[in-house]
Amino acid sequence: MEGGQSTDGGHSAEALQEELYSEEGLTLEKFEEASEVVKRVTLETKLVFSEYLSAQTGNKVYLKPENMQLTGAYKLRGAYYKICTLSEEERAKGLITASAGNHAQGVAYAAKAYGAKAVIVMPTTTPLMKVNRTKGYGAEVVLYGDVYDEACAKAYELAEANGYTFIHPFDDLTVATGQGTIAMEIVKELPLVDYILVPIGGGGLATGVATLAKLLNPKIKVIGVEPAGANCMQMSLEQGHVVTLPKVTTIADGTAVKTPGSKLFPYIQKNLDGIITVEDHELVVSFLDMVENHKIIVENSGLLTVAALKHLNVRGKKVVSILSGGNM
């Protein structure tokens, strides 16, 4: 199960921070600052205890329903915090990003809040509902490429041609800091949490959550979950460096990434305790489980952590599954 590198649980949070992070890195102080900033626009989503999943797995399973956020996903946290830290000049140039949908809506919403222009490049495979919602927040949408990586290359091209400020959806430490505020809320509500399961696409959410979780309590195990057909982080961890998959094949469009974030990878290596991969058919089963047993809609990428529960070979533990979004 565990494909990452474990962190020594014997270290104190203070010693761990001193060992791993410089002032420019992901420090506890910056996570605390981000937590205060994102409160302006995000909900502190409360954990939901799942009797059904607990009975199925032999653990005490809690769901972190980020699908209940205003934009339907956790991505608003990182997007808003990043845009908040930009200068007025950087915002005035206009903002651009590439996204399969959730980061797009986060940037569009945050840009509107600051009165900034937003251009979003989305893969042509993006669900129409996500495209329309992004436009609904006032952003200009450009459809390009079959996967995120192709859309991202186009966004960089447009940024250079037009002088836009680029907001990377995951390979950015400030964005990752905003995403990591989820861990602050989890530990606040469930101090004795044993495991946190987090979806992985490019690695921004996993970087933020794993890093902050270790700073708060090094004994917490953070496990990343990827689609089997888009396991770029698993392959990168196995080879010891960032790798690019030749192709990705998954119904989890929000995590259909060929190359994980290079800036984030060292943090993933240090702080992620393992990787679980799940097949697409498991996501279908998990979707039905969420609808039938919890009456909630979770998108395929958000279902990764639900499907992964049966692969987590532990019993009697407090486990939190992050439901990253609900935009279909």
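At-a-glance table
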quantity	calculated
Net charge dipole size for region 180-328 [Lys, Arg +1 and Asp, Glu -1 on Cβ; Debye, nearest 20]	540 debye
Entries of 75/154; 30/270; 30/310; 188/258; 117/154 with Cα pairs more than 23 Å apart	30/310; 188/258
GNM top mover of 168, 103, 281 - the chain, alpha-carbon springs below 10 Å	281
Furthest towards positive pole of dipole, 231, 203, 245, structure part region 202-261, Cβ charges	203
Rounded to 10°, Cα long-axis angle of helix 75-85 versus longest principal axis of the chain	60 degrees
Top of 251, 276, 268 by mean-square fluctuation, Gaussian network on the chain, Cα under 10 Å	251
The chain: angle of helix 28-38 to the longest principal axis, Cα-based, in degrees nearest 10	60 degrees
Computed magnitude of the charge dipole of the chain (debye, nearest 20; Cβ of K, R +1, Cβ of D, E -1)	740 debye
Read-out volume of the Cα convex hull per residue in Å³, derived from the coordinates shown; its label in [x] 115; [y] 129; [z] 188	[x]
Rounded to 5, percent antiparallel among DSSP beta bridges of region 75-166	0 percent
Three-way shape call for region 75-166 based on the alpha-carbon gyration tensor, with the a/c threshold at 1.5	oblate
Helix axis angle, 102-113 relative to the chain longest principal axis, alpha carbon, degrees	50 degrees
Given charges at beta-carbon only (K, R positive; D, E negative), |dipole| of region 75-166 in Debye	480 debye
Residue with peak Gaussian network fluctuation, the chain [Cα springs, cutoff 10 Å], from 115, 261, 203	115
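No value in this document is a laboratory result; all are computed from the given coordinates. For clarity, every value in this text was computed on a predicted model and none was experimentally measured. Virtual Cβ from ideal backbone geometry, glycine too; neighbours counted across all protein chains shown.
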